[in-house]
2 protein chains.
Amino acid sequence: MRLSRYFLPILKEDPKEAEIVSHRLMLRAGMIRQQSAGIYSWLPLGKRVLDKVSAIVREEQNRAGALEILMPTIQSADLWIESGRYNDYGQEMLRIRDRHDRSLLYGPTAEEMVTDIFRSHVRSYRDLPLNLYHLQWKFRDEVRPRFGVMRSREFLMKDAYSFDLDYEGARAAYNRMFVAYLRTFSRFGLQPIPMRAETGPIGGDLSHEFIILADTGESAVYCDKALLDLPIPGEDTDFTADLTPIFDAWTGPYAATDDMHDPAAFEAVPEERRVSARGIEIGHIFYFGTKYSEPMKAMVTNQDGEMVPVHMGSYGIGPSRVVAAIIEASHDDAGIIWPKSVAPFDLGLVNLKPGDAATDEIAEGLTVRLEKAGLEVLYDDVDARAGAKFATMDLIGLPTQLVVGPRGAASGEVEVKDRATGAKETLSLDEAVNRLVHEKA
Amino acid sequence: MRLSRYFLPILKEDPKEAEIVSHRLMLRAGMIRQQSAGIYSWLPLGKRVLDKVSAIVREEQNRAGALEILMPTIQSADLWIESGRYNDYGQEMLRIRDRHDRSLLYGPTAEEMVTDIFRSHVRSYRDLPLNLYHLQWKFRDEVRPRFGVMRSREFLMKDAYSFDLDYEGARAAYNRMFVAYLRTFSRFGLQPIPMRAETGPIGGDLSHEFIILADTGESAVYCDKALLDLPIPGEDTDFTADLTPIFDAWTGPYAATDDMHDPAAFEAVPEERRVSARGIEIGHIFYFGTKYSEPMKAMVTNQDGEMVPVHMGSYGIGPSRVVAAIIEASHDDAGIIWPKSVAPFDLGLVNLKPGDAATDEIAEGLTVRLEKAGLEVLYDDVDARAGAKFATMDLIGLPTQLVVGPRGAASGEVEVKDRATGAKETLSLDEAVNRLVHEKA
């Protein structure tokens, strides 16, 4: 992609409204634009990251056996009246009346709707286990939306819903999502730590938050260092097997956020293993049994031919929030440092002298070669000062920068910079291409 | 994907509420479920088709130089007051008040919002041309939603918005989208016919609808047969070149829907070339000049340093509606016949005797081989009557069916059925795999 044909509205000044680093950097890098309080557009660079995050979420949901559907954003109030949550939910629910004066709402979550789908079509334990998920925009009418897409009103959420015959089945479903979440967050380059959590308005009696560590995190967290050293379950994890050992390994050591913190229990952790840090919540899973299936009559026949309410759980990740969390965990004074897995482009190629025939030829030739090899290249062909070009590349944080100037064009060399380490090397064109293609594979 | 682990809630009876064939078949094939009037969930099979349609739309938008963004579903009323459309739009607009009593709305279209993005960031003719598009859910509060996802209230729309310095630039942008639409619809296996159209609430003075022919189409259309024989612009079309010749070739011959029909002009077409048929609108493009840029002050400096309002156009395709339109154009009494480009799976593999060791081995081995080769296989491993299995496969309309039974397992043969023609052949396993892999490539 040529920068001259791209839409990358970089801001030179720090926006006043941004209170946290991810909000500031997303605005400055032209990733998002606020349209009204807590409601954002995703501009081309931001959209690419959001798509990559969403793709990883999907891959890991599918791997764990969940099936993708897509429920609408607008729901009928009737379902929420049936479950008893319509009045409970309070002012965070965006309530709407249509032209026929029927009560609708913009879904903040979809337990009711998915339970309605389930009860309409599933009759027997033979059709279980079932896990249906979707990625869809949600709306929560926060009193004070802030922190950019970290706490916005309209936000993207992956919500999965599991249906099982009994508690044991539901716990196995919970473990599958638990493991899928460890894998998902690890693929974002993040260090996930599951922590026992309150269930809040979703309800139920078992729940874990997934916290990632970031110096600029919103809350204090306390944990046993053992959790930071545990291996992430591999791609070859058998999701049909019993995953209890993995669950136990990750929930045994001490871990708590501020509000659940038990200083006495933390003191019991050997001192050299006590970690006090800052964290951000980026996932939340719930087992809530028959909380929705009983009032909404989502029943199946069991092996004995009796009708029983299904046991359910729900599992949320907010990809729009994750984009901000990754930046909180990975940035420096110059800007964002994208992990390769979610970078909007694999590399930026800076032409220091657009219009110079030799430099253009080398830079354009490199772009074509790299794109043919499957790499995503942002080619800066814009006429601007070198300093401004480098600042933009550092700000938008692509993993690798290639720099081509008239001198390199003459000698057939290119400078390669690693954004994360700052390390620079001068390589021949072939060496540079080979290395980048190799790293991508 | 094993059918025993999939969620495919086939309906045996014709649903009473379905007035048109696509609505009936989408419900029967377990693709969608109505959640409230004109609001649908997309179940796994439907979601796969919607994703394939959307992917083709994206590819052709990108090829034509448009850049993908994502604007929110909820918009502030302020922007619509500024453009003058807030009161004009009438009851089809879903109006909302948030907890602070601010006026919001669920976007039925996004001319105002994208103009706001433009004016915030673009200052100079040097940044033009620019075309920003997104795929996002829209809401139009129809008085009588009907025909399933063909005329739903919540629907997916790809809307693109072009920005140019002057009329000539805007016409070039219009032609690029015109050509992109011909290519897009052709890739769905449809026969697109552009027809001059009214501009309606979008406004402006140049507009074309894209109609596809389908016996069960909603309106009568009249055209010169020459349009059915025109070649679709190829993948190698140069979108930076002048596309006027393509535009002229496709807009010269007579073509009109019922409400724009001019019988006298139609009579002037040689009789053997007159086509009277049924059609469905699946795309609409508009040039509307400075209708939004003037009131909203979206100005750029021109070559002479003067501030001038940009010339704009907008370009819509509804992927959710397209899914239904493809079915209207491609079905028979037994069910849907998916074009290969948008089929939810490449093939269905029917195991006639699950539990029989030899048959299971052959069927599962075939599934693994085909999936490794990159084909998407729906493997029917469910214990059911052969007749029911065949009926389900015909209903869901995958392009190819492979049938493995005990007899074929013994002889190492498989029956291959082409869903569109009904032709059946018995092939060796290797022959069947080679043919399918070859066809997919």
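Which residue is farthest from A:E168 (Cα to Cα), if the candidates are limited to the stretch A:260-278 and must be part of a helix (DSSP H, G or I) and free of Cβ contacts under 8 Å to residues at least 24 places away in the same chain?
A:E271
Could you pull out the residue among A:G234, A:G283 that is in contact with a Pro (Cβ under 9 Å, 6 or more places away or on another chain) and within 20 Å of A:S186 (Cβ to Cβ)? Spell out the reasoning first.
Values: A:G234 fails: in contact with a Pro (Cβ under 9 Å, 6 or more places away or on another chain).
Testing whether each residue is in contact with a Pro (Cβ under 9 Å, 6 or more places away or on another chain) and within 20 Å of A:S186 (Cβ to Cβ) leaves just A:G283.
In the list B:D166, B:D127, B:D141, B:D116, which residue meets the criterion of being modelled with pLDDT of 95 or more, over 17 Å from B:V322 (Cα atoms) and open to solvent by less than 10 Å² (accessible area, probe 1.4 Å)?
B:D141
Only one residue in B:P9, B:P108, B:P44, B:P72 is at pLDDT 95 or above and buried (at least 23 other Cβ atoms within 10 Å of the Cβ), so which one is that? Spell out the reasoning first.
Working: B:P9 fails: buried (at least 23 other Cβ atoms within 10 Å of the Cβ); B:P108 fails: buried (at least 23 other Cβ atoms within 10 Å of the Cβ); B:P44 fails: buried (at least 23 other Cβ atoms within 10 Å of the Cβ).
B:P72 is the lone residue from the list that is at pLDDT 95 or above and buried (at least 23 other Cβ atoms within 10 Å of the Cβ).
If B:E272 satisfies all but one of (1) open to solvent by 30 Å² or more (accessible area, probe 1.4 Å); (2) under 22 Å from B:M150 (Cα atoms), what's the number of the condition it fails?
Failing condition for B:E272: (2).
Looking at A:G65, A:G84, which is the one that is touching a residue at least 60 places away in the same chain (Cβ under 8 Å) and over 30 Å from B:L3 (Cα atoms)?
Just one listed residue meets the conditions, A:G84.
Please state which one of A:I280, A:I285 is aliphatic (A, V, I, L, M) and closer than 15 Å to A:D164 by Cβ.
Numbers: A:I280 fails: closer than 15 Å to A:D164 by Cβ.
Every option except A:I285 fails the conditions.
Which members of the stretch A:368-391 meet the condition of being within 18 Å of A:E415 (Cα to Cα), open to solvent by 10 Å² or more (accessible area, probe 1.4 Å) and part of a helix (DSSP H, G or I)?
Selection gives A:V368, A:R369, A:A386, A:G387, A:A388, A:F390, A:A391.
Restricting to the stretch A:221-259, what's the tally of residues that are open to solvent by less than 30 Å² (accessible area, probe 1.4 Å), in contact with a Ser or Thr (Cβ under 7 Å, 6 or more places away or on another chain) and without any contact (Cβ under 8 Å) to a residue 60 or more places away in the chain?
Selection size over the stretch A:221-259: 1.
Checking B:D51 against (1) touching a residue at least 12 places away in the same chain (Cβ under 8 Å); (2) at the interface with chain A (Cβ under 10 Å from one of its Cβ atoms); (3) open to solvent by 30 Å² or more (accessible area, probe 1.4 Å); (4) closer than 30 Å to B:T367 by Cα, which single condition isn't satisfied?
That leaves (1) as the condition not met.
Which ones in the stretch B:85-105 are at the interface with chain A (Cβ under 8 Å from one of its Cβ atoms) and open to solvent by less than 60 Å² (accessible area, probe 1.4 Å)?
The answer is B:L94, B:I96, B:D98, B:L104.
Results for (1) surrounded by 15 or more Cβ atoms within 10 Å (Cβ to Cβ); (2) farther than 30 Å from B:E218 by Cα; (3) among the polar types (S, T, N, Q), shown as yes or no for each residue.
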| position | (1), (2), (3) |
| --- | --- |
| B:Q303 | no, yes, yes |
| B:P309 | yes, yes, no |
| B:G316 | yes, no, no |
| B:V322 | yes, no, no |
| B:A325 | yes, no, no |
| B:A329 | yes, no, no |
| B:D333 | no, no, no |
| B:I336 | yes, no, no |
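Do the conditions hold for A:A410, that is, is it over 34 Å from the mean Cα position of the chain (by Cα), assigned to a helix (DSSP H, G or I), surrounded by fewer than 21 Cβ atoms within 10 Å (Cβ to Cβ) and in contact (Cβ under 8 Å) with a residue 24 or more places away in the chain?
Working: over 34 Å from the mean Cα position of the chain (by Cα): yes; assigned to a helix (DSSP H, G or I): yes; surrounded by fewer than 21 Cβ atoms within 10 Å (Cβ to Cβ): yes; in contact (Cβ under 8 Å) with a residue 24 or more places away in the chain: yes.
Answer is yes for this residue.
For B:L135, which of the numbered conditions (1) at the interface with chain A (Cβ under 10 Å from one of its Cβ atoms); (2) over 30 Å from B:E306 (Cβ atoms) fails to hold?
Exception for B:L135: condition (1).
Here is a yes/no grid of residues against (1) more than 10 Å from chain A (Cβ to nearest Cβ); (2) touching a Cys at 6+ places or on another chain (Cβ under 6 Å); (3) small (G, A, S):
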position: B:S83; (1), (2), (3): yes, no, yes
position: B:V114; (1), (2), (3): no, no, no
position: B:F118; (1), (2), (3): no, no, no
position: B:E142; (1), (2), (3): no, no, no
position: B:F147; (1), (2), (3): yes, no, no
position: B:M157; (1), (2), (3): yes, no, no
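Exactly one condition in (1) at the interface with chain B (Cβ under 10 Å from one of its Cβ atoms); (2) part of a helix (DSSP H, G or I) is not met by A:R33; state its number.
Failing condition for A:R33: (2).
Please find, among B:D259, B:D248, B:D205, B:D215, the residue that is among the acidic types (D, E) and at pLDDT 95 or above.
B:D248
Considering only residues that are within 8 Å of another protein chain (Cβ to nearest Cβ) and among the hydroxyl-bearing types (S, T, Y), which ones fall in the stretch B:54-81?
B:T73, B:S76
Listed residues A:D14, A:D78; which is surrounded by fewer than 22 Cβ atoms within 10 Å (Cβ to Cβ) and either out of contact with any Ser or Thr (no Cβ under 9 Å at 6 or more places or on another chain) or touching a residue at least 60 places away in the same chain (Cβ under 8 Å) (or both)?
A:D14
The values are calculated or read from the model by the stated rules, or taken from the named source; none is laboratory data. No experiment lies behind these values; they were computed from the predicted model shown. Positions of Cβ are backbone-derived with ideal geometry, glycine not excepted, and every protein chain shown enters the neighbour counts. Note: areas computed on protein heavy atoms with side chains; ligands, DNA, RNA excluded. Shrake-Rupley method; radii C 1.70, N 1.55, O 1.52, S 1.80 Å.
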